[in-house]
Amino acid sequence: MLIKVKSAEGHGANPSMTMAQPIQETLGEKHDFTSSKLNKSIRIKKEVELEKQQQVEALKQLHKDSEAKIVYLTFDDGPSPYTDQLLDLLNQYQMKATFFMLGPEMKSYPAAVQRMVDEDFAVGMHGITHEAEQIYQSPKAPLKEMLESQKILEDLTGIHSSLIRLPYGSIPYLTMDMRVHLDQQGFKIWDWNIDSEDWALKDKRFVNKVIQATANVSKVGEAPIILLHDKPETIQHLPQILQYLQKNNYQTRVLTNDQAPYTFQCNGRCYSIN
């Protein structure tokens, strides 16, 4: 920006002379580039690239696991009064699983959490409230809940887990800003490629759904990641699923902190600039 310099009386200054105004005056108040749309678009691009890279790595691993007939059983919302029964059942069939747990439930059933660790099951976090209007209410709200539940798990067991599953999955509620905050803290966001719908069906219909979906997912070269819940109705019908896996020579494994996470793809839906 250029400004006119007024004549100085008695100094013969040229009234038409111009000079550059200092940058700080030109800009006025200091501009916060960290919150600008330009900076946000750059962060979006980086996040999209990271997401694509992780997904490529995850799919490579799932393809490799599929060839070895690996299945990942995952259970949300526990622990519960029925967790010991669930663990007994898994041990009976020599199956392993990963548990994504809620902070208050871990506090209520600490012995079940410790048993999971002692018996080589994997443990991760599912947040605190499981209420969409709370966990997704602000850019840092998911991070806050996951950090809180992570601390509960670590205090109870000494285990530091980076495995998280967001209530209702990472789409549609998780925004780019929320995802960035979680990534920066090293959390691994795990979704699923088979939804048992045990939370809705609550009877053996979900068993048939899981069996058919497991066969279909395996055919396309992906290892099944099956979403189940630590609920009595699920436990009641779970033996049929475990028997199917055993009969068809599937092996179960747990998720680890070192794996590239399988996460729902945004396809542009998570990255709008407000």
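Summary of values
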quantity	calculated
Ranked by how many other beta carbons lie within 10 Å on average, peptides 66-76, 110-120, 221-231 from highest	221-231, 66-76, 110-120
Region 70-252: relative contact order as a whole-number percent, Cα under 8 Å and 6+ apart	29
Local net charge near Leu90, Cβ-Cβ under 12 Å (Lys/Arg +1, Asp/Glu -1)	-3
Dipole axis of region 70-252 (+1 Lys, Arg; -1 Asp, Glu on Cβ), positive-most option in Tyr173, Gln184, Ser196	Ser196
J(HN,Hα) series, region 110-123, from Karplus relation 6.51 cos²θ - 1.76 cosθ + 1.60, nearest Hz, glycine and proline x	x, 5, 5, 5, 5, 4, 4, 5, 4, 9, 6, 8, 8, 10
Amide hydrogen neighbours beyond the local backbone of Met125, cut-off 5 Å, H modeled	Met101, Leu163, Ile164, Arg165
Local electrostatic count, Met146, Cβ distance below 11 Å [Lys/Arg +1, Asp/Glu -1]	+3
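We did not get these values from a lab; they are worked out from the coordinates using the rules stated. Note that the coordinates shown come from a computational prediction; the quantities given were computed from them, not determined experimentally. As a convention, Cβ positions derive from the backbone with ideal geometry for all residues, glycine included, and neighbour counts pool all protein chains shown.
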